[in-house]
Amino acid sequence: MIKPRTPPGVMELLPREQIAFQRMLDIIRNTYESFGFLPVETPVFELTEVLLTKTGGETERQVYFAQSTGALEKSREPGSEASLPELALRFDLTVPLARYVAEHEHELAFPFRRYQMQRVYRGERAQRGRFREFYQCDIDVIGKDSLSPRFDAEIPAVINAVFERLAIGEFTIWLNHRKLLRGFFEGLGIAGAQQDAVLRELDKLDKRGEDAVRQTLMAEGFALSADVADRLLAFSRVRSAGHADALEKLAALGEGSEQFEQGRAELVATLEQLQAMGIPESRYAINLSIARGLDYYTGIVYETQLNAHPQIGSICSGGRYENLASHYSKSRLPGVGISIGLSRLFWQLREAGIVSAAGSSVDVLVGLMDEAGFADALTFSQALREAGLNVETQMEAKKIARQFQYADRAGIRFVALRGESERAEGTVTLKDLASGEQQTLPLGQAVAWLQQKREKNA
């Protein structure tokens, strides 16, 4: 016998946990659509030459390649040249989006607003909470030639709506701007490729701490002076608490280069737009340590944290990039977007006790008291379904206690029973397993009773 076991690095859920996960997916999807984003799906694999164009270092070394049995056998033939497989599994949704937009550029309406919610695959080192297969839930707005900075503020508004509807606790959307960072670097004499290296190092502040980052910045390879390292860390400590405080802290940064001033002006405009959209000021703040390690970000960057659970880390991140599809198109396609890594987030929320297994998506179990009532049970079940309820029908007559036990274990809240006396009198006995309430009602009142109970506890 082969022992049944899942491969490492995957999240496989029991049905009631899957229902809770699916409901989170549904909330995210509905929220994205409420802001006018359109659905897109791309293949699970891409051509290797297309997929491996994105810069970013470690990600590419985690790619899973896909090869058919026939291609594998052919590669083993004498005289065959060694080469990478033709296909590889996507490791994020950004590269497939870039290929998609470039390929369909002349068929799309710009600005192109897309959402995509699919699994991605990455060769992560096996450890708790890190997955090799996981869901990402992305939105992006792509412009043709240009894209107004006003879209930069719409993205946090979407983040706010998503996590408000998910109801997993209060959160803060941290904002920073790459132009502000790079302009500040210029003022410190940090230029060229060294800026990218400093950005990536500052992005590690949360993981490594100030002392370790300071030592690295002053070590060989960076060789920054103690004064410059201290000024970088002081800049990264700037946080705001409230809308007015954010504006004051940005104003207090002093004058800077043209790039610095442009970044500050765009960040201020984003803050003002968020206020105009009615986003609670407790939900957004500036955090000048947010850098986002990927090189392609050029403007505003976002990270979102749960206030009561900072150890979870960022639950949603993203930012502005200058040219999404430079590898695939001569057109300039700037954009801004975010990603929610839902598998990891769900796992962390479950571990923290914030989410748990949900009740069943089945509203009511129509029981079967005796074999003579089977046809009646089928008819009654259909009537409930036509009224909009999700219904499971008991297919074999069993003791009532066993039917209640089954419904309770499956997470089905309501049980409907029509024995010989109920069928004769045109009634139905309804049991609410959550409260223990039980009533016998005329058939015509059953739907209203069930719907009222379901909506009250939704």
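Our summary of shape: the Cα atoms of the chain have principal axis extents of 90, 71, 46 Å, ordered from largest down, in whole angstrom. Restricting attention to the chain, the count of lysine pairs at 8 or more positions apart or across chains with alpha carbons under 22 Å apart stands at 12.
Please state the shape class of the stretch 208-341: rounded when a/c is under 1.5, otherwise prolate if a/b exceeds b/c and oblate if not, all from the C-alpha gyration tensor. Taking the square roots of the gyration eigenvalues as a ≥ b ≥ c, the stretch 208-341 is rounded. Judged by the mean number of other Cβ atoms found within 10 Å, the most tightly packed of the peptides 159-170, 427-438 leads the ranking 159-170, 427-438. Can you pull the one-decimal nm distance between simple spin-label points at TYR406 and MET1, each 7 Å off the Cα toward Cβ? About 2.5 nm separates the two model spin labels.
Residues whose amide H comes within less than 5 Å of that of TYR302, counting only those at least five positions distant or on another chain, are GLY318, GLY319 (H built at 1.01 Å from N in the peptide plane). Here the spin labels are modelled as points 7 Å beyond Cα on the Cα-Cβ line, and at ALA197 and GLU49 they lie 3.4 nm apart. For the stretch 317-458, the dipole from Cβ point charges (+1 on Lys and Arg, -1 on Asp and Glu) about the Cα centre works out to 880 debye, to the nearest 20. Viscosity 1.567 mPa s, temperature 4 °C: what is the translational diffusion coefficient of the stretch 360-458 from Stokes-Einstein with a Kirkwood Rh over Cα pairs, rounded to a whole number of µm²/s? Once the numbers are plugged in, D ends up at 98 µm²/s.
Cβ-Cβ distance of LYS330 and LEU14, R₀ of 45 Å, FRET efficiency by 1/(1 + (r/R0)^6): the value works out to about 0.35.
Here the peptides 444-454, 312-322 are ranked by packing, the mean other Cβ count within 10 Å, and the order with the highest first is 312-322, 444-454. Taking a ≥ b ≥ c as the square roots of the eigenvalues of the alpha-carbon gyration tensor, the stretch 132-238 is classed prolate because a/c is 1.5 or more and a/b outweighs b/c. Positive contributions from Lys and Arg (+1) and negative ones from Asp and Glu (-1), summed over other residues with Cβ under 14 Å from the Cβ of LEU443, come out at -2. Local charge for VAL428 was computed over the other residues whose Cβ lies under 11 Å away, with Lys and Arg +1 and Asp and Glu -1, and equals 0. Phi-derived couplings, Karplus 6.51 cos²θ - 1.76 cosθ + 1.60 at θ = phi - 60°, listed residue by residue for the stretch 273-287: 5, 4, 5, 5, 7, x, 6, x, 5, 6, 8, 9, 6, 8, 8 Hz, with x used for Gly and Pro. When Rg and Dmax are taken over the Cα atoms of the stretch 183-227, they come to 10.1, 27 Å. Looking at the chain alone, DSSP beta bridges between its own residues are antiparallel in about 80 percent of cases. Taking Cα atoms only, the orientation of helix 178-187 departs from the longest principal axis of the chain by about 20 degrees. Per residue, the chain reaches -12000 deg cm²/dmol at 222 nm when only DSSP H runs of four or more residues are counted, each adding -39500 (n - 2.57). Given axes a ≥ b ≥ c from the Cα gyration tensor, I'd like to know whether the stretch 178-261 is rounded (a/c under 1.5), prolate (a/b larger than b/c) or oblate. Oblate. Backbone phi angles across the stretch 139-145, fed through the Karplus curve with coefficients 6.51, -1.76 and 1.60 (θ = phi - 60°), yield HN-Hα couplings of 10, 8, 10, 10, x, 10, 6 Hz in residue order; Gly and Pro are listed as x.
Compared with the direct C-alpha span, the chain from VAL447 to ASN390 gains 19.4 nm at full extension, assuming 0.36 nm per residue. Relative to the first principal axis of the alpha-carbon coordinates of the chain, what is the inclination of helix 400-410, with its axis defined by its Cα atoms, in degrees from 0 to 90 and to the nearest 10? So the inclination is approximately 10 degrees. Residues whose amide H lies under 5 Å from that of PHE91, counting only those 5 or more places away or on a different chain, are TYR121; hydrogens are built 1.01 Å from N in the peptide plane.
A cut-off of 5 Å between modelled amide H atoms, ignoring neighbours fewer than 5 places along the same chain, links ILE290 with no other residue.
Taken together, the values in this text are just the output of simple stated rules run on the coordinates, not laboratory data. Since the structure is predicted, the reported quantities are computational estimates derived from the model, not experimental observations. Glycine also receives a Cβ, built like all others from the backbone with ideal geometry; neighbour counts cover every protein chain displayed.
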